[in-house]
Amino acid sequence: MAEDVEDTEPLRGFTAGITAERKAAELGALLARRGAEVRYGAAMHTVPVDDDAELIAATEAVLARPVQHVVAVTGSGFGGWIESARAHGAGERLLDHLGSAELLARGAKARGAIRGAGLRESYTAPTEEVADVLDRLLAQGVAGARVVVQLHGDPMTDFRERLRAAGAEVLPIAVYRWTDPVDLAPLDALIDAVIDGEVRVLPLTSAPAATNFLARARRTGRGEALLAALRENVLIACVGPVTAAPIAREGLPHVQPERARTAALVRLIADEAPGFARGDG
């Protein structure tokens, strides 16, 4: 019987810390189903900026001259951009303008938003990773091209810099911004739990959340203690390379699934955590 429990609940005895805001309950339920205790501490709060003057100005910059490529990163972000343009009387003009460009979707939801706006994508990343979109753009050449990049919280600095280095003019469209969570107490408690050795698994699904998790610890004088705990005691699992970037910059060990999916992330954690606890590998 004990072996049956071990097989179906490989995370029994582990506490997982969840920093996500969106879909935190879904991720927590998947981990709890495998036996984990779950603690929540959202590390960021995403807010729309559809009335923001910067978004209006960025849209006008896109409309000023023809664009050759448009990268849709998220369905909600791309759809939100079109809705914002419509609210300010520029919706149809923007759609006409984008219709002559190559539209590239990071994944199925972004593709759905493109089609929902009456446009048609020419490429969808097979792994739903922006790295695939970047590789395609660089392979076909972007020197002298105007490339629109729809952002979703993460500024995608590396992505944009690579395009600029290849000679493109990059036009970022920030439809959402991220800020500190409204209630910082759960985040602070989660940071303390990691430092105290209570949290042994840290699944990360967003680069902004990963960034602000570390930044909040630094701002409150716990940065070095958190980094030490993460290096020595915590299995960090990132859903994909974009999410992993701020973790990699700190030189922290981490794992990530082959496919950037929540379910794949949870399966990886279930596979890796027992060996991590024993010190295997």
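The values are calculated or read from the model by the stated rules, or taken from the named source; none is laboratory data. No experiment lies behind these values; they were computed from the predicted model shown. Backbone-built Cβ (ideal geometry, glycine too); neighbour counts: all protein chains shown. Side chains included, ligands, DNA and RNA excluded: accessible areas come from the protein's heavy atoms. Shrake-Rupley method; radii C 1.70, N 1.55, O 1.52, S 1.80 Å.
Key figures for this structure:
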{"read-out": "Top-ranked residue of the range 192-208 - restricted to ones that are among the β-branched types (Val, Ile, Thr) and assigned to a loop (DSSP other than H, G, I, E, B), ranked as least open to solvent (accessible area, probe 1.4 Å)", "value": "Val199"}
{"read-out": "Matching residues in the range 72-94 - criterion: being part of a helix (DSSP H, G or I), over 22 Å from Arg160 (Cβ atoms) and either in contact with a helix residue (DSSP H, G or I) (Cβ under 7 Å, 6 or more places away or on another chain) or free of Cβ contacts under 8 Å to residues at least 24 places away in the same chain (or both)", "value": "Arg86, Gly91, Glu92, Arg93"}
{"read-out": "Any chance Asp158 is under 30 Å from Leu227 (Cα atoms), of a type outside the set (A, V, I, L, M) and open to solvent by less than 50 Å² (accessible area, probe 1.4 Å)", "value": "no"}
{"read-out": "Residues (surrounded by fewer than 20 Cβ atoms within 10 Å (Cβ to Cβ), of a type in the set (D, E, K, R) and within 22 Å of the chain's Cα centre (by Cα)) located in the range 84-124", "value": "Lys109, Glu121"}
{"read-out": "The range 187-205 residues that are over 11 Å from Arg222 (Cβ atoms), paired with ones that are of a type in the set (Phe, Trp, Tyr) and surrounded by 24 or more Cβ atoms within 10 Å (Cβ to Cβ) (beta carbon under 9 Å, 6 or more apart)", "value": "Leu187/Phe213; Leu190/Phe213; Leu202/Phe213; Leu204/Phe213"}
{"read-out": "Top-ranked residue of the range 162-191 - restricted to ones that are surrounded by fewer than 16 Cβ atoms within 10 Å (Cβ to Cβ) and under 18 Å from the mean Cα position of the chain (by Cα), ranked as nearest to Gly79 (Cα to Cα)", "value": "Thr179"}
{"read-out": "Answer from Ala209, Ala244 - the residue that is in contact with a His (Cβ under 8 Å, 6 or more places away or on another chain), closer than 23 Å to Asp132 by Cβ and of a type in the set (Gly, Ala, Ser)", "value": "Ala244"}
{"read-out": "Given (1) within 15 Å of Arg39 (Cα to Cα); (2) touching a residue at least 40 places away in the same chain (Cβ under 8 Å); (3) open to solvent by 10 Å² or more (accessible area, probe 1.4 Å); (4) part of a helix (DSSP H, G or I), index of the condition Arg216 fails", "value": "(1)"}
